[in-house]
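Just so it is clear, none of the values below were taken in a lab; they were calculated from the coordinates. This one's a predicted model, so the numbers in the text were calculated from it and none came from an experiment. So basically every Cβ, Gly included, is an ideal-geometry build from the backbone, and we count neighbours across all protein chains shown.
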Amino acid sequence: MPSSPTTFLPLGKLMIGTATSSLQIEGGDRNNNWYEWAQYPGTIADGTSPLRANDHWNRWREDTELMGSLGLKTYRMGIEWSRIEPAPGQWDTAAMDRYREEIALVKERGMVPLVTLHHFNNPLWFQRLGEWEKPENIAHWLRFVGHVVKGLSDLVTDWVTINEPNVYATSGFLFHEAPPAKKSYRLALKVMRNMAIAHCRAYRLIHGIQSGARVGFAHHMRSFVPAQERNPLHRLASRSSAFLFQDELSHAMLGGKFRGVLGRQPSDISPGKYYDYLGLNYYSRTASAGFEDGTLPGKPVNDLGWEIYPQGLIECAGWMHERYPAPIWVTENGTCDNGSPTSLENFRCRFIYDHLAAISASDLPFERYYHWCFVDNWEWADGEAQRFGLVHNDYATQTRTPKLSAEFLSRIIAEGGISGEAKREFVDVQRYRIG
Ligand code: BGC
């Protein structure tokens, strides 16, 4: 039965798919710094390591078939640097062939691939060289970028250079949540600067190899509000968090403008345009009282305590688009919903509905939406316990079971939007938890 037009949320122009990263799903790779990090006691909440993950390195065919059967239109995936270049300048052609096969199947099943070239983890050899702290190391990553883009240019035109440089820099160099677990504002800013330089150079490099390429980076942005509106220190904390965590970085990475906390303008980069789309990873809002994350009381929260604040997606996209106009690709949006003993999830459909409703109501040029993620995957320091997937994974048997949200997203794609009936069936039966 068609639903009444007044309740139909049109999304026909939005290309919808899912996003993931290589390390979080593949398993089997010991040549990267997160595998090494996970060996230290106490680093990963549940003591797991990325060695198991989803065993996607071997199960890529069944995972891709499942995505195809849901009708997903695009797939953001990572190419694992530590596999492709196991030692500096040494290329593993079998690993590249394996990715080529996977991407060919992704395309055969009707999905446009979007390939990420750095997503949090590094090859061990790059780590040992001092990784992103050292500007001279940028050339190593660019060599990898050139190799991958040349090797895949007949299959892929859409690229994410770097995933969330701000999260990378702060979790590894300020907050002790990731390797190399240092604690220094100076280093965190230095790493952001080096990643911004790397992105601008990669933008030019990729376009030099492939004229039709679409290149951007996945920017993690949050809405920031003062924990207490009347407290001037909280207001200052919220403004400075946004400035230091995301705004200055946007100017460097999108506009090639380096200044202030990110240091002097590099001699080979002039202000200009370093994006073909605006990549936005949006999850939550922060209530600031200092530089740590906080949450306003009485708001809906996910199972990690992150506030669910759909309007923030529009606020962040709007901030970027006002300054750097381009089509918006939501390169990640999703939530941790661990379900209950009787149900695989409690509120993911509602989360999807609320964020897509905000997109549908907005005048901004949203072009793509990537739900994070397809199958529950290895969630960095949170290990296997926290679940973001549309599809449940039983890690012991590697059995995939689609959740209600997988069916919901599939229906949204098939119907070109959200009907009143789909809302009643998938959304109205779910509830948020209040924090
Ligand atoms: C990262 C993902 C991560 C997700 C959920 C994003 O910041 O890009 O790798 O799994 O958040 O925590």
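Close Lys pairs in the chain (alpha-carbon distance under 17 Å; sequence gap of 8 or more, or different chains): 9. The stretch between Ile434 and Asp268 holds 54.8 nm of extra length on full extension. This uses 0.36 nm per residue minus the Cα-Cα distance. Summing +1 for each Lys or Arg and -1 for each Asp or Glu among the other residues whose beta-carbon sits under 14 angstrom from that of Gly68 gives 0. Normalised by the number of residues in the chain, the average gap of Cα pairs under 8 Å and 6 or more apart makes the relative contact order 19 percent. Per-residue ellipticity at 222 nm computed for the chain from its helices equals -11000 deg cm²/dmol, with DSSP H segments shorter than 4 residues left out and the rest contributing -39,500 (n - 2.57).
Each peptide in 383-390, 211-218, 229-236 was scored by the mean count of other Cβ atoms within 10 Å over its residues; highest first, the order is 383-390, 211-218, 229-236.
Working from label points 7 Å from Cα in the Cα-to-Cβ sense, the Leu129 to Leu233 distance is 4.4 nm. Stretching the chain fully between Glu425 and Arg100 yields a gain of 113.1 nm (0.36 nm per residue, less the alpha carbon separation). Here the peptides 399-408, 97-106 are ranked by packing, the mean other Cβ count within 10 Å, and the order with the highest first is 399-408, 97-106. Ordering Leu187, Val148, His118 by the projection of their Cα atoms onto the charge dipole of the stretch 96-225, which places +1 on the Cβ of Lys and Arg and -1 on the Cβ of Asp and Glu, puts Leu187 at the extreme positive end.
Seen from all directions on average, the stretch 9-427 presents a Cα convex hull projection of 19.2 nm². With contacts taken as Cα pairs under 8 Å at a separation of at least 6 residues, the stretch 278-435 carries a relative contact order of 25 percent. Eigenvalues of the alpha-carbon gyration tensor of the stretch 203-276, scaled by 5 and square-rooted, set the equivalent ellipsoid semi-axes at 32, 15, 6 angstrom, largest first. Spread over its residues, the convex hull of the C-alpha atoms of the stretch 126-246 is 116 Å³ per residue. Subtracting the Cα-Cα distance of Asn338 and Glu108 from 0.36 nm times their residue separation leaves 79.6 nm of extension gain.
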